[in-house]
1. Which pairs have Cβ atoms under 6 Å, sit 6 or more apart or on different chains, and link a residue in the stretch 12-32 that is at negative phi and among the aromatic types (Phe, Trp, Tyr) to one that is open to solvent by less than 40 Å² (accessible area, probe 1.4 Å) and part of a helix (DSSP H, G or I)?
2. Counting only residues that are aliphatic (A, V, I, L, M) and either part of a loop (DSSP other than H, G, I, E, B) or without any contact (Cβ under 8 Å) to a residue 24 or more places away in the chain (or both), which one in the stretch 1-11 is least open to solvent (accessible area, probe 1.4 Å)?
Amino acid sequence: MLRTMQGDTFEEIAWREYGSTSHAEALMNANRDKIERQEFEAGVELKEAETVRQQKELKAPWQS
């Protein structure tokens, strides 16, 4: 589960959590109930993008 900060966008969250804004679409797909939001208030819970989370876990410890 991810938690937003004030003013976050899907792109900013993807960058912070996954290291690339290219994962914003996967994050939006995982959170379709919140897709209409342009910016988030602090503390909104989002589901992780499952495929991106799995890719992140496959990296060796020195690659994170």
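1. Filtered contacts from the stretch 12-32: 18/52.
2. Looking at the filtered set, the residue picked out is 5.
The values are calculated or read from the model by the stated rules, or taken from the named source; none is laboratory data. These numbers were taken from a predicted model, which means no experiment stands behind them. Because the Cβ atoms are built from the backbone with ideal geometry, glycine has one as well, and the counts that use them run over all protein chains shown. Each accessible area value is taken on the protein alone, full model and side chains, heavy atoms only, with ligands, DNA and RNA left out. Shrake-Rupley method; radii C 1.70, N 1.55, O 1.52, S 1.80 Å.
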